[in-house]
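So the structure is just underneath, and the comments pick up after that.
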Amino acid sequence: MIEINGLSKTYKGTGRKALDSLCLTVNDGEIFGFLGPNGAGKSTAIKCITGILSFEEGSVKIGGVSMSDDPVGAKKRIGYVPDEHLLYEGLTGRQYIDFISDIYGVSRARRAELTDKYASDFGLKDRLDETISDYSHGMKQKIAVIAALVHEPEVFILDEPMLGLDPKSAYVLKKTMRDYADSGKTVFFSSHILEVVEKICDRVAIIDGGKLIAVCDMQELKEKRSDLSLEQLFLTLTGGEDAFKTEEV
């Protein structure tokens, strides 16, 4: 579970809050989508949640552990796939996964089992012993996903995870996310691909200008407003619909 209460972040020199009193609870056993236009504060929020960035006000708890009071304990509960590849490219794929496994204390037997499973799922089994610098963008994304899952975190956080993935790999990742949530763990991800979010998420939050403007249950949206797509809701709430109509005119 992720618990965010009154989270605020201001970058020095801007005088503007990138996040403004964000409050959000993401439950165990659900896939939670995190949406917003460019500059809305999505990546800032994710970096605060994962402990990469500090924040001035509020609190973040991962599985009941405070990121401020016990950052190491909170981070141990997270598997994170960032929106850019932050990999040691001089290592092979297998060496990188082993490195992450060592950090989290994953046993040799368990890491081998999970590496084999996920590498097979993502079609990387025969490429694990190649140097990461020789990988394509999509292959690096797959290694980042496997490394984030190898310690079996309680919370799986992804920022724009579908970028660079071919259709088959994107399908495998979506299935992996669903299976992970169905096992009782938490999946939280940001994406601009609203069709994907609409299909796989249980709930969705929309932020704009650093503020939370809506949280919606996808099943309720489908049942009560079958005429309204997530894309239409997003555009209406963020002012994009008017801009789109103006362009069309």
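A few points about this structure:
- Axis of helix 137-149 versus longest Cα principal axis of the chain: the two differ by about 80°, to the nearest ten degrees.
- Local electrostatic count at GLU113 - Lys and Arg +1, Asp and Glu -1, tallied over other residues with Cβ under 15 Å: +2
- Only helices enter the 222 nm calculation for the chain: every DSSP H run of n ≥ 4 contributes -39,500 (n - 2.57), and dividing by all residues gives -12000 deg cm²/dmol, rounded to 500.
- Multiplying the residue separation of CYS23 and GLN95 by 0.36 nm and subtracting their alpha-carbon distance yields 22.1 nm.
- Relative contact order (percent, whole number), region 86-152, Cα cutoff 8 Å, 6+ residue spacing: 53 percent
- Of all aspartates and glutamates in the structure, the ones whose alpha carbon falls short of 16 Å from that of LYS140, not counting any fewer than 8 places away in one chain, are ASP83, GLU84, GLU89, ASP98, ASP121, ASP126, ASP129, GLU130, ASP159, GLU160, ASP166.
- Principal axis dimensions, largest first and in whole angstrom, of the chain by Cα: 54, 41, 35
- Flagged links, alpha-carbon separation over 18 Å, of LYS12/LYS76; LYS168/LYS222; LYS174/LYS199; LYS9/LYS211; LYS12/LYS47: LYS12/LYS76; LYS168/LYS222
- Take every Cα pair under 8 Å whose residues are at least 6 apart in sequence, average their separation, divide by the length of the chain, and the relative contact order is 27 percent.
- GNM remark for the chain: springs join alpha carbons under 10 Å apart, and the peak mean-square fluctuation among SER136, SER66, SER190 falls on SER136.
- LYS117 versus LYS211: modelled label distance in nm, points set 7 Å from Cα along the beta carbon direction: 4.4 nm
- Charge tally around SER59: other residues with Cβ under 11 Å, Lys/Arg +1 each, Asp/Glu -1 each, net -2.
- Fully extending the segment from SER68 to GLN232, taken as 0.36 nm per residue of separation minus the present Cα-Cα distance, adds 55.3 nm.
- Our analysis of region 86-152 gives Rg over Rh at 0.92, with the two radii drawn from alpha carbon positions and Rh computed by the Kirkwood formula.
- The chain: angle of helix 93-104 to the longest principal axis, Cα-based, in degrees nearest 10: 80 degrees
- Helix 167-182 vs. the chain, principal-axis angle (Cα, 0 to 90°, nearest 10): 80 degrees
- Among PHE189, PHE122, PHE156, residue whose mean-square fluctuation peaks in a GNM of the chain (springs only between Cα atoms under 10 Å): PHE122
- At 0.890 mPa s and 25 °C, Stokes D of region 72-206 from Kirkwood alpha-carbon radius, µm² per second: 163 µm²/s
- Taking 7 Å steps out from each Cα toward its Cβ at HIS192 and LEU86 produces label points 2.1 nm apart.
- The chain: most fluctuating residue of HIS192, HIS151, HIS85 per GNM, C-alpha cutoff 10 Å: HIS85
- Euclidean distance between Cα centres, region 34-79 to region 121-180, Å: 22 Å
- Under a model in which nothing but the beta-carbon of Lys, Arg (+1) and Asp, Glu (-1) is charged, the chain shows a dipole of about 460 debye around its Cα centre.
Any read-out appearing in this document is the output of simple, stated calculations on the displayed coordinates, not a laboratory observation. This one's a predicted model, so the numbers in the text were calculated from it and none came from an experiment. Counting neighbours? That spans all protein chains shown, and the Cβs are built from the backbone with ideal geometry, glycine included.
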